[in-house]
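Take a look at the structure set out below.
The values are calculated or read from the model by the stated rules, or taken from the named source; none is laboratory data. What you see is a predicted model, and the numbers here were worked out from it, not measured in a lab. Here the Cβ positions follow ideal geometry from the backbone for every residue, glycine too, while neighbour counts run over all protein chains shown.
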Amino acid sequence: MSDIQQFNLNKIFIAIPLIIIFFANIFITQLRGLSFIGEIAMIAGVTSLIAILIGHRSDIAILSNSENRALLNLAESIKGIALIILFLIPFLFFLYFLGIKIEYLLIAILSCVFAINDSVSSFYIRNGNFYFYSFFKSMPSLILLISAYFINSPEMSWIISYLISLIILSFLTFNLLKDSNLKFNFFSIANYLITKIVPTITALICATGTVFWLFIITSKTGSESAGIWSNVYRIFSLPLIFLTATYLPLVLLKLGDLKKTTKKINHMNKFSIIYISLSCAIVFFAFIAGPEIFIKFTGSDVRLSVSLLITMIMFAIFKNFLGYHQSFFQTLQLDFVLLIILILEIIAAGIIYFWIEANELQIIVNYIFSITGICAFILLIFLIGLSVKYYLFNPNDSIELK
C-alpha cells in the first residue's frame, strides 16, 4: 500500500469516532428532545473539565513525543491519573457529607473515563494502530446512545454508560500495561505531575470558557436554549472538529519528529490556513441554508434567525481556533501565552454572568461572540509576530524543544 493510501486510510479511522459521536448526539436529540440533550451537554461540559484535571494533558505528551517513548509516557500518564484520583476521592466524600447528590459525585469520578480514554487512544495513534484508536474513542458515545434509549434521565443514562465504559477500559488498559513498569513511587509521580501544571491549567481554562458559556446560557435562558446552542455548535462546527480530529493528531505526530522550531511553526501555520478556509466555507453555507440544516438534523420545529445562527457559528470557529492551539503551544512550550488570553475570556464571562441582566438568547450570544472574537484576534496577532520572528530573523533555527 502506498504512503498516500495509508495516510488516507488512517484519516478514515481517525474520523470514525467523530462521526459516531455526532450522530449519537443527533439521535439522542431526536429521541429525547432539546432539553434532554441540553442537560447532557452540561454534564459533558463539566465532566470534560474534571477529565482535563485528572488527565493532566498527558495525551498530548504521548502524541508529540517519539514513538519509542509512547509506552513509557502512557505508563506515566496512568500513574499520574491514579494519584490524582486518590487525592480527589476524600474531597468527593467531603462533598457528599455536605449534601451534594450522589449522582453528581458519580458523574465527577467517572470523568476518569475521559482521561484514561484520551491517553490510551493517543498511545494507539502514536504507534499507528488506528483501528484500536477508533474503537476506544467511539465506545463511550455508543454506550451512551443505548443507555439514553432505555433511560429517560440524563444523569442516570450518563452514569450507567460511563460506568460500563470504565469497566471495559480498565480491563483493556491493564492488559496493555501488564508487562510495563507500573511501580508506584509517590515522589516520582508528583514531580512528573508538576511539569504538567501549566499545560493542564491552560487546557482547563480553555474548556472552562466553553462550559461557562453553556452554563450562562442555561441559567439565563433555560435548558432548551442550551440544547439549541449545543446542537448548533455540534452541527455546524462538525467540519472543523472533523479537521482537528483527523488531521491535527497527524500534524502533532509530525511535530514530534521535527527538531527545528521554524519547521514546527510552518506546519502549524499550514494547518491554520486550512482551518480558516474551511471556516469561511461553513459561514457561507450557513448563510444560505443554515436554519433548514438545523431543523433537518435536530427534528425540531425551532427556526433560528440567520443572524443568531451565524453568531453562534462564529463562536464555534473562534473557540476551536483557540482550542487547537493548546496542543501546538504545548509542543512549542508557549502555554503561558494562551493561558493569559484564556484568563481574560473567563474574567469577561464572569462579568456577563454577574452583571448583565439580559435573558434573551440573541443578546447573550452577541456578548459571547464579541468576547471570544477579541480573544481569537489577540491570539492571531501573537501568531503573526511569532511567525515573522522565525521566518525573517531565525529561519535556520535548529533548537530542539524538550
Filtered residues of the stretch 332-380 (kept if touching a His at 6+ places or on another chain (Cβ under 9 Å) and modelled with pLDDT of 90 or more): L379
Return yes or no: is N73 touching a residue at least 12 places away in the same chain (Cβ under 8 Å), part of a loop (DSSP other than H, G, I, E, B) and more than 18 Å from the chain's Cα centre (by Cα)? no
Determine if the stretch 111-126 includes at least one residue that is farther than 24 Å from L250 by Cα, at pLDDT below 90 and hydrophobic (A, V, I, L, M, F, W, C). yes
Among the residues of the stretch 246-259, is there at least one that is farther than 30 Å from Y131 by Cβ, at pLDDT below 80 and assigned by TED's automatic domain parsing to the domain that holds N231? yes
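With the condition kept exactly as written, say whether any residue in the stretch 136-144 is in a helix (DSSP H, G or I) and modelled with pLDDT under 85. Show your work before the answer.
Filtering the stretch 136-144 down to residues in a helix (DSSP H, G or I) leaves 136-144.
From what is left, the residues that are modelled with pLDDT under 85 are 136-137.
Yes, the stretch 136-144 contains at least one residue that is in a helix (DSSP H, G or I) and modelled with pLDDT under 85.
For (1) free of Cβ contacts under 8 Å to residues at least 60 places away in the same chain; (2) among the aliphatic types (A, V, I, L, M); (3) crowded, with 17+ Cβ neighbours inside 10 Å, each residue gets a yes or a no:
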residue: S134; (1), (2), (3): no, no, yes
residue: L145; (1), (2), (3): no, yes, yes
residue: S153; (1), (2), (3): yes, no, no
residue: I160; (1), (2), (3): yes, yes, yes
residue: I167; (1), (2), (3): yes, yes, no
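What are the residues in the stretch 140-157 that are touching a helix residue (DSSP H, G or I) at 6+ places or on another chain (Cβ under 6 Å) and farther than 19 Å from I85 by Cβ, if any? Don't jump to the end; show me each part of the working.
Here is the first cut: in the stretch 140-157, the ones touching a helix residue (DSSP H, G or I) at 6+ places or on another chain (Cβ under 6 Å) are 140-141, 143-145, 147-148, 151, 154-155, 157.
If the condition is that a residue be touching a helix residue (DSSP H, G or I) at 6+ places or on another chain (Cβ under 6 Å) and farther than 19 Å from I85 by Cβ, then S141, I143, L144, L145, S147, A148, I151, P154, E155, S157 are the ones that fit.
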Scanning the stretch 76-113 residue by residue, those more than 23 Å from F186 (Cα to Cα), in a helix (DSSP H, G or I) and not hydroxyl-bearing (S, T, Y) turn out to be F94, L95, F97, I102, E103, L105, L106, I107, A108
Spot the failing condition for S279; the list is (1) over 23 Å from V46 (Cβ atoms); (2) surrounded by fewer than 20 Cβ atoms within 10 Å (Cβ to Cβ); (3) within 20 Å of the chain's Cα centre (by Cα), and only one is missed. (2)
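One line per residue, one yes/no per condition, for (1) aliphatic (A, V, I, L, M); (2) buried (at least 22 other Cβ atoms within 10 Å of the Cβ); (3) out of contact with any strand residue (DSSP E or B) (no Cβ under 6 Å at 6 or more places or on another chain); (4) more than 30 Å from T29 (Cα to Cα):
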| residue | (1), (2), (3), (4) |
| --- | --- |
| L204 | yes, no, yes, no |
| I217 | yes, yes, yes, no |
| G227 | no, yes, yes, no |
| K260 | no, no, yes, yes |
Has the stretch 227-242 got at least one residue that is part of a helix (DSSP H, G or I), under 25 Å from N129 (Cβ atoms) and not small (G, A, S)? yes
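Somewhere in the stretch 323-340, is a residue aliphatic (A, V, I, L, M), over 30 Å from K254 (Cβ atoms) and either over 23 Å from the mean Cα position of the chain (by Cα) or buried (at least 21 other Cβ atoms within 10 Å of the Cβ) (or both)? Lay out the reasoning, then the answer.
Quick first cut of the stretch 323-340, residues aliphatic (A, V, I, L, M) only: 332, 334, 337-340.
Pick out the ones that are also over 30 Å from K254 (Cβ atoms) and you get none.
Looking through the stretch 323-340, none of the residues is aliphatic (A, V, I, L, M), over 30 Å from K254 (Cβ atoms) and either over 23 Å from the mean Cα position of the chain (by Cα) or buried (at least 21 other Cβ atoms within 10 Å of the Cβ) (or both).
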Counting only residues that are of a type in the set (V, I, T) and closer than 17 Å to S170 by Cβ, which one in the stretch 40-88 is surrounded by the most Cβ atoms within 10 Å (Cβ to Cβ)? I54
